[in-house]
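Structure, as structure tokens:
All of the numbers you see were taken from the coordinates with simple rules; none came from a lab. Just so it is clear, the structure is predicted and the values come from calculations on it, not from any experiment. All Cβ positions, even for glycine, are placed from backbone atoms using ideal geometry, and neighbour counts span all protein chains on display.
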């Protein structure tokens, strides 16, 4: 069956027969897990295995948002608690080394249960007065610090066999509201956006996957959020930033977007995105998004294959106990 340019969520810790049948028919390229899907390690392993079995592809990517801090879907009692990104930004000279180690440990946790894509690092650069939806998820307040630590996190994830997804392109740091609830509008000049917001994404444009921002940049397109704006996607993301990896939407069920779900998907593909992401597991919404989603073909298929090809071989020689102790000691010393 033809793979669809789509990533979907599921409702719980295991698949219902109806969900399994729907996924077999829909053939999404991949899946995304949230806290509602996370039970014991064995339960998560079973779920990732069942999701791949539905589409008949062992290579099907399974994503999660595992940043640390507020955004950590897998945590105690079965997995460690990791610090928010902002904690690394306060480590000065050791920031990149400790961030890479933390990401390498996180990748081990994910790979052990069949998850091979992490929606991290966050490359947004917050500005004074912006909404705290980014807040301490950011690695710092300068583009240089965010890029350096973001690179270290991406390297740590890939060393552990997990693909990173840089987000939220081309920048969510200036947003004055939470795009989960309403549509942010950013009125910064194009010169200011280039110097601050776009810079970390430009520095990491070689990475395999990215997620768009549901943010209006009035200097580029005053009518449409980046996710649905041909000007932002084609001229800025693909052009100025130079990103040629796989570009997915942020969650199409977020309230920053309006209108029928089919139309949300269609507008995103018309703008030039490669993959639609729908997260909440609501069947009626997923069916509508599917109707607006094409087969994975052409440049999107090339980018998807290139991303998966970078999973590569896992870095050898990790002493898990020693690495966890070293990570904890580095954080404690800085504190």
Q: Kindly rank 120-132, 7-19 from highest to lowest mean number of other beta carbons found within 10 Å of each residue.
A: 120-132, 7-19
Q: Using a cut-off of under 15 Å, list every residue of region 87-102 whose amide N is near the label point 7 Å from the Cα of residue 328 along the Cα-to-beta-carbon line.
A: 102
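Express in nm, to one decimal, how much length is gained between residue 313 and residue 190 on full extension, taking 0.36 nm for each residue of separation and deducting their alpha carbon distance.
Gain on extension, residue 313 to residue 190, equals 40.2 nm.
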**Q.** Spatial extent of the chain: Rg and Dmax, with the Cα atoms as the point set, Å
**A.** 18.7, 54
Q) Radius of gyration and Dmax for region 222-335's Cα atoms, expressed in Å? A) 19.3, 53
Q: Using all C-alpha to C-alpha distances in region 123-266, build P(r) with 5 Å bins and read off the rounded percent in each one.
A: 2, 11, 20, 25, 21, 14, 6, 2, 0
**Q.** residue 223-residue 2 pseudo-label distance in nm [points 7 Å out on the Cα-to-Cβ vector]
**A.** 2.9
Q | region 20-153: translational diffusion in µm²/s, Stokes-Einstein, Kirkwood Rh over Cα pairs, 20 °C, 1.002 mPa s | A | 135
**Q.** Rounded Å value of the spacing that divides the Cα centres of region 292-335 and region 1-32
**A.** 23
Q. How many nm is it between the label spots at residue 299 and residue 71, if each spot is 7 Å from the Cα in line with the beta carbon?
A. 2.6
Q. So, in Å, what gap is there between the alpha-carbon centers of region 88-106 and region 234-252?
A. 27
**Q.** Expected 222 nm ellipticity per residue - DSSP helices of 4 or more, -39500 (n - 2.57), all of the chain, to 500
**A.** -11000 deg cm²/dmol
